[in-house]
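Please treat every number below as a calculation from the coordinates, not as lab data. Being a predicted model, the structure only gives us computed values, none of them experimental. Every residue, glycine as well, gets a Cβ built from its backbone with ideal geometry; the counts of neighbours run over all protein chains shown.
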Amino acid sequence: MTLAVHLDQVQLPIEQAILLGLIVGELVSNSMKHAFFGQDHGTIHISPRDNSGICTIEVKYDG
């Protein structure tokens, strides 16, 4: 399995950064557990972006 992270510089208050980290960790964990069950290959893409002060994050997989 491959983890592809495409980063823009995103600045968040620490409280929001911690929550975002927990959410992304859960999304990746669930993807590995359910989307790739019984498979030995696949890619999870993570792309956080700062769009004019609004932080968005995209998590997608091909499993």
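Rounded to the nearest 10 degrees, the angle from helix 14-30 to the longest Cα principal axis of the chain is 10 degrees.
Note that the chain, at 10 °C in a medium of 1.306 mPa s, gets a Stokes-Einstein diffusion coefficient of 126 µm²/s from its Kirkwood radius over C-alpha pairs. All other residues whose Cβ lies under 11 angstrom from that of residue 48 are scored, Lys and Arg at +1 and Asp and Glu at -1, for a net of -2.
Nearest 20 debye, what's the magnitude of the dipole of segment 2-61 about its Cα centre given +1 on Lys and Arg Cβ and -1 on Asp and Glu Cβ? Write down the numbers at each step before the final one.
Values: 3 positive and 6 negative charges, 26 e Å.
Dipole size: approximately 120 debye.
Model label sites at residue 19 and residue 40, defined 7 Å from Cα along the beta-carbon direction, differ in position by 4.1 nm.
A cut-off under 14 angstrom between Cβ atoms defines the neighbours of residue 5, and their net charge, with Lys, Arg +1 and Asp, Glu -1, is 0. Using the Cβ of residue 31 as centre and a radius below 11 Å, the other residues enclosed give a net charge of 0, where K and R count +1 and D and E count -1.
In loop segments of segment 7-63 as defined by DSSP, the chymotrypsin sites (Phe, Trp or Tyr not before Pro) with at most 12 further C-beta atoms inside 10 Å of their C-beta are 37.
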